[in-house]
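Asker: Mind looking over this structure? Questions follow.
Computed from the coordinates by the stated procedures, all read-outs in this text should not be read as laboratory data. The shown structure was predicted, so the numbers you read here are calculated from the model rather than taken from an experiment. We place every Cβ from the backbone using ideal geometry, glycine too, and count neighbours over all the protein chains shown.
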Amino acid sequence: MASAQKESALSTQRDERLARDNGEAQKDRASEERAVTQSREISDSARLEAFRHSFFQSALPDIPKIPGYHTCWLTTTNPRDSIAARARLGYEPIKASDIPGWEYASMKTGDYEGCIGVNEMVAFKIPDELYNLYMTEAHHNQPLQEEGKLQSTLEVIAAEARRKGSSVMMGDGSAELGKHVRAPSFV
């Protein structure tokens, strides 16, 4: 019985609040809303500018050039590209003593104490010659191998077409596949 009385009292309170409101909350909100007087759609040029800035490193300072070395930031949190793996490839942490004036950015504790770091990022260097070898392999030799595979596939398709009395028209890009060009310098 007491529970029925409580529920009746709560129902009465709700009804009283709704009766007092008379839609005032909705009226106030409607009066606060303004008419949109300008287009809020993003233009293509604004999108392009946002795209350009998405690749800009603003959280990490630019590491000064160290003669004979390529420098970069490495993360301590990526298990697929670990610092231990990079160390086996010849990357070395940059100590604050390597770059005068960078003492402010040296890590105070942990595995990289005394090295330049920001949060989980640590500055590393690798000899230019070794860096150039790695970049030549990744960005020249391996793509040339893939081009060779594509060229071989196109030759097989063209030979099959000739055998059946037809032909294959090669576009400009296809004609350039497999042509060996001298590797650029990446340093």
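Asker: Report the full-extension gain for the segment Asp172 to His139: residue separation times 0.36 nm, less the Cα-Cα distance, to one decimal in nm. Write out the running numbers ahead of the final one.
Answerer: Details: separation 33, 0.36 × 33 = 11.88 nm, distance 2.16 nm.
That works out to 9.7 nm of additional length.
Asker: Take every Cα pair under 8 Å in segment 76-187 that's 6+ residues apart, average their separations, divide by the length, and report that relative contact order as a whole percent.
Answerer: Result for segment 76-187 is 22 percent.
Asker: What order do you get for Phe124, Phe51 when you list them from fewest to most C-beta neighbours inside 10 Å?
Answerer: Starting with the residue having the fewest Cβ neighbours, the order is Phe51, Phe124.
Asker: Along the Cα→Cβ direction, 7 angstrom out, place labels at Thr75 and Ser97. What is the inter-label distance in nm?
Answerer: 3.1
Asker: Here is a further query. When Lys and Arg each count +1 and Asp and Glu each count -1, what net charge do the other residues less than 14 Å away from Thr136, Cβ to Cβ, add up to?
Answerer: Spelling it out: positives minus negatives among the neighbours equals -2.
Asker: Relative to the Cα centre, what is the charge dipole magnitude of segment 131-176, using +1 at the beta carbon of each Lys and Arg, -1 at the beta carbon of each Asp and Glu, and rounding to the nearest 20 debye? All intermediate terms of the calculation are to be shown ahead of the outcome.
Answerer: Details: 4 positive and 7 negative charges, 67 e Å.
Around 320 debye, computed over segment 131-176.
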